[in-house]
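Shown next, in structure tokens, is the structure this report addresses.
The values are calculated or read from the model by the stated rules, or taken from the named source; none is laboratory data. Remember, it's a predicted structure, so these values are computed and weren't measured experimentally. Cβ placement follows ideal geometry from the backbone for every residue including glycine, while neighbour counts extend to all protein chains displayed. The protein model used for the area step is the full one, side chains on, heavy atoms only, and it has no ligands, DNA or RNA in it. Shrake-Rupley method; radii C 1.70, N 1.55, O 1.52, S 1.80 Å.
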Amino acid sequence: MKVLHVCFADKGGGAAIGAYRSHTAMLSQGVKSNLLVARKRTTDPTVIRLPFSMRLRIFIWRKLSAIILKFQLYNDYAFRSLNIFPTGIHNIINDSDADIVQFHWISFNTVAIQEFKKIRKPIVWKLPDMWAFCGSEHYTFNEARYAEGYKASNKSDNHYGLDLDKIVWLQKKKHWGKVNMTIVCPSKWLAKCAKSSYLLKKYPIHNIANPINMDIYKPASDIKIAREHFNLPIDKKVILFSSLHKLKDPRKGFGYLDGSIHELTKKIEPSTLCIAIMGIKTKLKSIHGVAIVNLGYLEEDNEMALAYSSANVCFFPSNADSTPNTIKESMSCGTPCVAFDIEGVQEMITHKQNGYLVPVGDVTGLSEGLEWTLSQDESLLSSAVRDSAFKLHDHKSRVKDYLELYSRILSSQYS
């Protein structure tokens, strides 16, 4: 069996990382796999970069899309993609020797909406977010629109100007009627949303958690060496915050860090704490007396695993996500997480068993979660965290799930 994964990039964001991990996980289990990308950041020869002419088209359509999107006014901070300009990528997919094509994050016009119906191979689409069944937005809290269809009557009050969300949704409705497609969702929550959506409810929808290499993401053998590598203090409790998004992005919740630390330092001496920030950079040296160490953007899995292992707790106050890489990476390394009680995260964290869940927006609750986590027996809690991550994300088990799904699809295709 040969699999062709398709994603905008092989690194540089959570969805791209997830696509590359799925691809390499399959390779590790003897599956013939390639990853087709517009932007290649690795030197991996099994990752295939699109021809220059096609990459140029994608770049131009991406810039044009950004201009067009300005005609729709909104203040929900949701990232948006049009994918209405064809690039010809379907020809490369059809000419490949793959038996199955697996889509990942294909926005930035990587695969145009109208190109789906031109693909002659069965498509498995692992949804990284909600874009597949929404309009142009990648996340939304407006369930009525994706469930009922995009109408003027269910348009959010904070949207003005041209309704591009509706226009893109209508394009999907028009072109996806007879596409040979199977949907995979990494969380039960996202699967539930997809099943309730107008666009995807007619397709087979499965839940398979994202794989992660548990031989790489594991607790460090020596925490002292791990902390010395990042210039982190040996004698302090380290709180890790990780995000590739801008500080102002409310969905990722950096703004909650300040309030939570303010509450926490009323109970715990600031000099005994340290905040490690991975990914984004801040010029702040401290928050309410708690020193900040910028770890920067870490590309290598081994180094990221070392960073997670260096922390006592991972702080993840995102108010909308499916199964975020940050949580599964942290938990695989045995580091517990404090996070908002959102549906995708609920499938990874069981409150006060392998982490701490807080009602969305509850700053005091986040502070209490940090305090609770830092007061637990580190060895016992870390073991529970690691065990639960292994059951959900072990790459060998998840590849087996995918191969079983592929076999069923191919057998029905040719029976």
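Numbers below:
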item: Net length gained if the chain between K283 and N94 were fully extended (0.36 nm per residue, minus Cα distance); result: 63.2 nm
item: Candidates R41, R80, R398, ranked by Gaussian network fluctuation over the chain, Cα under 10 Å, top entry; result: R41
item: Exposure ranking of L380, L162, L392 by accessible area [1.4 Å probe, largest first]; result: L380, L162, L392
item: Most fluctuating residue given options I216, I167, I92, as computed from a GNM of the chain linking Cα atoms under 10 Å; result: I92
item: Mean ellipticity per residue at 222 nm, deg cm²/dmol - from DSSP H runs of n ≥ 4 across the chain, formula -39500 (n - 2.57); result: -11500 deg cm²/dmol
item: Low-density loop positions, trypsin sites (Lys or Arg not before Pro), the range 154-209 - DSSP coil, at most 16 other Cβ in 10 Å; result: K155, K178, K201, K202
item: Top of H206, H395, H175 by mean-square fluctuation, Gaussian network on the chain, Cα under 10 Å; result: H175
item: Given charges at beta-carbon only (K, R positive; D, E negative), |dipole| of the chain in Debye; result: 1820
item: The range 1-82 - charge dipole about Cα centre, Lys and Arg +1 at Cβ, Asp and Glu -1, debye rounded to 20; result: 260
item: Two-site FRET efficiency, F71 against T46, from Cβ-Cβ distance with R₀ of 51 Å, rounded to 0.05; result: 0.80
item: Near-label residues of the range 56-96 by backbone N, under 19 Å of a point 7 Å along Cα→Cβ of D157; result: 73-78
item: Computed over the chain: relative contact order in percent, which uses C-alpha pairs under 8 Å that are six or more apart; result: 14
item: Across K118/K174; K126/K400; K267/K352; K126/K202; K195/K328, pairs whose alpha-carbon gap is larger than 18 Å; result: K267/K352; K195/K328
item: Cβ-Cβ FRET estimate between R120 and K201, R0 fixed at 30 Å, reported to 0.05; result: 0.80
item: By accessible area with a 1.4 Å probe, ligands and nucleic acids excluded, highest first: order of D215, D401; result: D215, D401
item: Neighbourhood charge, 15 Å Cβ-Cβ cut-off, centred on I287 and excluding it, Lys, Arg +1 and Asp, Glu -1; result: +3
item: Net +/- balance of residues flanking H206 in space, Cβ distance below 13 Å, scoring K and R +1, D and E -1; result: +4
item: Dipole-positive endmost among A389, S65, S375 within the chain (Cβ charges, Cα centre); result: S65
item: Cα lying deepest toward the dipole's positive end in the chain, options H138, S156, Q413, charges on Cβ; result: Q413
item: For K117, net neighbour charge (Lys/Arg +1, Asp/Glu -1) across residues whose Cβ lies under 12 Å away; result: +4
item: Förster-model FRET efficiency, 25 Å R0, K32 and F59, C-beta, rounded to 0.05; result: 0.25
item: Magnitude of the charge dipole, the range 1-145, Cβ model with Lys/Arg +1 and Asp/Glu -1, debye to 20; result: 380
